[in-house]
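Engineer: Let me give you the structure first, and then I'll get to my questions.
The values are calculated or read from the model by the stated rules, or taken from the named source; none is laboratory data. For clarity, every value in this text was computed on a predicted model and none was experimentally measured. Virtual Cβ from ideal backbone geometry, glycine too; neighbours counted across all protein chains shown. These area figures cover heavy atoms from the full protein model, side chains too; ligands, DNA and RNA do not enter into them. Shrake-Rupley method; radii C 1.70, N 1.55, O 1.52, S 1.80 Å.
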Amino acid sequence: MTDSFKPSRPLPVNLRGLILCIVLASVLATLCNSLVVAYRVQRDALIHSTLESNAAYAAKVASSIGEFLRAAHNNLNYSAKILGKHWDDPQVLHEEALRLEAQDQYFNSVEILDANGKVLASNPPQAQIVGSNVPASGIRQALQERRALVSSTYVSRQGNLIVFVSEPVFSKAGVFLGAVVGSIYLLDQSALHTVISSHFHHEGTFAFVADSNRRLLYHPNPARISEVLGENLAVDAALGGERGSMEIRNSEGVEMLAGYSQVPDSNWAVVVQQPREHSQATLRRLMHDMIMGMIPAGLLGMVLVFVGTTLIARPLRLLSAAAQQLSAPQTTELLQRINAWYHDASAIRQAMLAGVQLLQQKLGRLSHEAQSDPLTGLANRRAMEELLSVLEQTQQPYTVLALDIDHFKRVNDTFGHDAGDVALKQVAEILKQNSRANDLACRSGGEEFSLLLPDTTQETARAIAERIRQSIADARIPQVGNLKISIGVASKAGAPMTPQQVLKLADERLYRAKESGRNRVVSA
Ligand SMILES: Nc1nc2c(ncn2[C@@H]2O[C@H](COP(=O)(O)OP(=O)(O)OP(=O)(O)O)[C@@H](O)[C@H]2O)c(=O)[nH]1
């Protein structure tokens with residue numbers, strides 16, 4: 001395998017930060033998505049309902065105008081019947097003209113004409129036109145067609161925009177006599193004007209009425225009445241007899257939500273429209289209210305997320321801290337104190353506890369191996385030095401025995417190296433048997449041993465040394481038989497000596513024991 005394992009660099013963020021980021025990102029994404037969807041749905045619904053209500057409104061206005069015109073016709077029709085019977089009575093003609101103009105205020109003026117267009121009576125009285133032929137094309141049309149009709153709009157010599165509503169007059173025998181004509185002045189206050197403009201008018205919604213030549217008969221801006229409109233799809237559709245709604249762009253380029261309808265019995269178009277921007281403004285208010293309404297719950301959610309992530313991350317953070325010091329003796333206790341309250345953290349803690357136990361066992365074994373003599377199982381020189389330094393630091397008195405088997409070379413030479421090893425083990429066993437719990441027996445090298453006796457005086461140590469020497473001398477070593485040993489004793493009982501000096505003194509006394517004949521203890 002050529003690839004070597006390279007641990008990737010971790011992100012500089014902790015678990016709680018990560019969870020918070022992920023939760024925040026997902027909450028924000030969901031929120032944005034909800035807002036966008038809500039915005040679109042609401043916008044479509046608002047536009048749809050505005051179009052629907054404008055269409056209904058246009059139909060209502062058209063029907064009101066239609067009813068007005070029908071009522072005007074009915075009135076004229078009633079008069080036409082009376083006039084047909086009394087055509088030759090100027091008084092009746094005059095009274096009918098008076099009644100028609102004054103009674104219902106449908107008309108700004110009323111004229112009664114004979115079949116040639118000669119004005120027989122008029123109200124308000126206009127002496128100059130009674131007896132004259134009125135040239136208006138609408139009236140000429142009424143006389144020609146001899147039927148009830150609503151004329152096209154017509155601009156009078158006085159500059160007034162006029163619509164004629166006319167009804168033919170027939171004699172009892174069915175002879176066409178003339179017509180009774182009501183004039184509606186579109187630029188002045190009239191009953192028609194009131195019918196159109198009295199409808200509701202809110203949120204920028206307004207209605208206008210145009211005749212078949214696209215001439216404006218009514219507009220909330222009076223300055224535009226009589227203006228001829230350019231292309232307008234809603235007007236075209238209404239003039240074509242349709243009713244409904246559509247989105248259009250007006251002559252100023254403003255997008256409009258328009259409803260349209262045709263006035264029955266006259267080819268007029270009614271359009272009700274609202275700038276699209278108005279529904280957008282309503283929508284913005286709606287979205288603003290929605291967002292403001294979400295804020296308290298959002299904040300509460302954030303607090304819950306913060307507390308939740310802290311609770312989730314806490315055991316893992318503590319486990320991570322414990323993982324930094326697996327070999328420390330207090331780690332097991334530390335791990336047991338962690339409140340791993342959910343399954344994953346608990347499983348990690350269990351695994352770490354098992355791992356720590358294994359590690360510490362292993363370290364203990366390694367430490368034991370590093371500090372013991374493999375042949376005899378006694379402590380080695382390093383272990384003895386460590387204990388000496390502890391005794392030194394705690395200023396405890398102690399005594400050291402330096403032991404060396406006499407003529408051990410001969411044992412090896414005579415019985416072989418293995419027999420020598422057995423003898424060494426036997427000596428170690430005797431040392432152990434003569435040691436207390438706090439004493440430390442060690443093999444300092446070859447056939448040399450030491451015994452470290454804390455809190456032991458020189459005299460006591462000498463007695464112990466003598467007992468050991470005797471035990472070894474008395475022991476029957478397999479294959480080898482008897483062994484002898486020499487011992488030097490040195491004590492640090494209040495004397496200002498370093499451990500090395502004490503050891504050195506014990507070695508010097510051991511040397512003297514050898515020199516003076518072996519198999520003895522020298523302590524002074
Ligand atoms: N079997 C065995 N022999 C060892 C071991 N370590 C050292 N020795 C032997 O111990 C002997 C020590 O010999 P010397 O230093 O001459 O001392 P001695 O023969 O005991 O003589 P004195 O100490 O003067 O009485 C040598 O023969 C070493 O080979 C060991 O681990 N096992």
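Engineer: Specify which of the listed residues (64, 79, 49, 34) is assigned to a helix (DSSP H, G or I), more than 30 Å from residue 173 (Cβ to Cβ), in the same structural domain as residue 178 (by TED's automatic domain parsing) and over 43 Å from the mean Cα position of the chain (by Cα).
Structural biologist: 64
Engineer: Sticking with this structure for a sec: If I filter the stretch 376-385 down to residues being open to solvent by 80 Å² or more (accessible area, probe 1.4 Å) and touching a residue at least 24 places away in the same chain (Cβ under 8 Å), which single residue comes out as nearest to the ligand (Cβ to nearest atom)?
Structural biologist: Checking each candidate, the answer is 381.
Engineer: Taking the condition surrounded by fewer than 19 Cβ atoms within 10 Å (Cβ to Cβ), near the ligand (Cβ under 9 Å from one of its atoms) and not polar (S, T, N, Q), does residue 459 pass?
Structural biologist: Working: surrounded by fewer than 19 Cβ atoms within 10 Å (Cβ to Cβ): yes; near the ligand (Cβ under 9 Å from one of its atoms): no; not polar (S, T, N, Q): yes.
For residue 459, the condition - surrounded by fewer than 19 Cβ atoms within 10 Å (Cβ to Cβ), near the ligand (Cβ under 9 Å from one of its atoms) and not polar (S, T, N, Q) - is not met.
Engineer: Would you please name the residue that is farthest from residue 420 (Cα to Cα), looking only at residues in the stretch 369-385 that are of a type in the set (S, T, N, Q) and in a loop (DSSP other than H, G, I, E, B)?
Structural biologist: Filtering the stretch 369-385 for residues that are of a type in the set (S, T, N, Q) and in a loop (DSSP other than H, G, I, E, B), the one farthest from residue 420 (Cα to Cα) comes out as 371.
Engineer: Among all residue pairs at least 6 apart or on different chains, which show Cβ distances below 9 Å where the first residue, located in the stretch 502-524, is assigned by TED's automatic domain parsing to the domain that holds residue 471 and more than 21 Å from residue 474 (Cβ to Cβ) and the second is of a type outside the set (D, E, K, R) and surrounded by fewer than 14 Cβ atoms within 10 Å (Cβ to Cβ)?
Structural biologist: That search, which allows pairs on different chains as well, returns 502/495; 509/524.
Engineer: Scan the stretch 386-414 for residues that are part of a loop (DSSP other than H, G, I, E, B), within 11 Å of the ligand (Cβ to nearest atom) and open to solvent by 40 Å² or more (accessible area, probe 1.4 Å) and jot them down. Break it down into steps so the answer makes sense when it comes.
Structural biologist: Restricting attention to the stretch 386-414, the residues satisfying the condition of being part of a loop (DSSP other than H, G, I, E, B) are 394-397, 406-407.
Keeping just the survivors that are within 11 Å of the ligand (Cβ to nearest atom) gives 406-407.
Within the stretch 386-414, just 407 meets the criteria.
Engineer: So which residues in the stretch 415-434 are within 11 Å of the ligand (Cβ to nearest atom), open to solvent by 10 Å² or more (accessible area, probe 1.4 Å) and at negative phi?
Structural biologist: Listed by number, the residues that qualify are 415, 417, 418, 421, 422, 425.
Engineer: Give just the number: which of (1) in contact (Cβ under 8 Å) with a residue 40 or more places away in the chain; (2) more than 16 Å from the ligand (Cβ to nearest atom); (3) crowded, with 16+ Cβ neighbours inside 10 Å; (4) not assigned by TED's automatic domain parsing to the domain that holds residue 514 does residue 348 not satisfy?
Structural biologist: It is condition (1) that residue 348 fails.
Engineer: Would you call residue 366 part of a helix (DSSP H, G or I), more than 11 Å from the ligand (Cβ to nearest atom), modelled with pLDDT under 95 and open to solvent by less than 60 Å² (accessible area, probe 1.4 Å)?
Structural biologist: It is false that residue 366 is part of a helix (DSSP H, G or I), more than 11 Å from the ligand (Cβ to nearest atom), modelled with pLDDT under 95 and open to solvent by less than 60 Å² (accessible area, probe 1.4 Å).
Engineer: Return yes when residue 486 is polar (S, T, N, Q) and surrounded by 22 or more Cβ atoms within 10 Å (Cβ to Cβ) and no when it is not.
Structural biologist: For residue 486, the condition - polar (S, T, N, Q) and surrounded by 22 or more Cβ atoms within 10 Å (Cβ to Cβ) - is met.
Engineer: Take the stretch 493-524 and flag every residue that is within 16 Å of the ligand (Cβ to nearest atom), over 13 Å from residue 450 (Cβ atoms) and either touching a His at 6+ places or on another chain (Cβ under 9 Å) or not charged (D, E, K, R) (or both).
Structural biologist: 511, 513, 516, 517, 518, 519, 521, 522 - these are the residues of the stretch 493-524 that are within 16 Å of the ligand (Cβ to nearest atom), over 13 Å from residue 450 (Cβ atoms) and either touching a His at 6+ places or on another chain (Cβ under 9 Å) or not charged (D, E, K, R) (or both).
Engineer: Name the single residue that is nearest to the ligand (Cβ to nearest atom) among those in the stretch 462-492 being assigned to a helix (DSSP H, G or I) and not hydrophobic (A, V, I, L, M, F, W, C).
Structural biologist: 469
Engineer: Follow-up. Quick check on this structure: which one of 73, 94 is free of Cβ contacts under 8 Å to residues at least 60 places away in the same chain and either surrounded by 17 or more Cβ atoms within 10 Å (Cβ to Cβ) or in contact with an Asp or Glu (Cβ under 8 Å, 6 or more places away or on another chain) (or both)?
Structural biologist: 94
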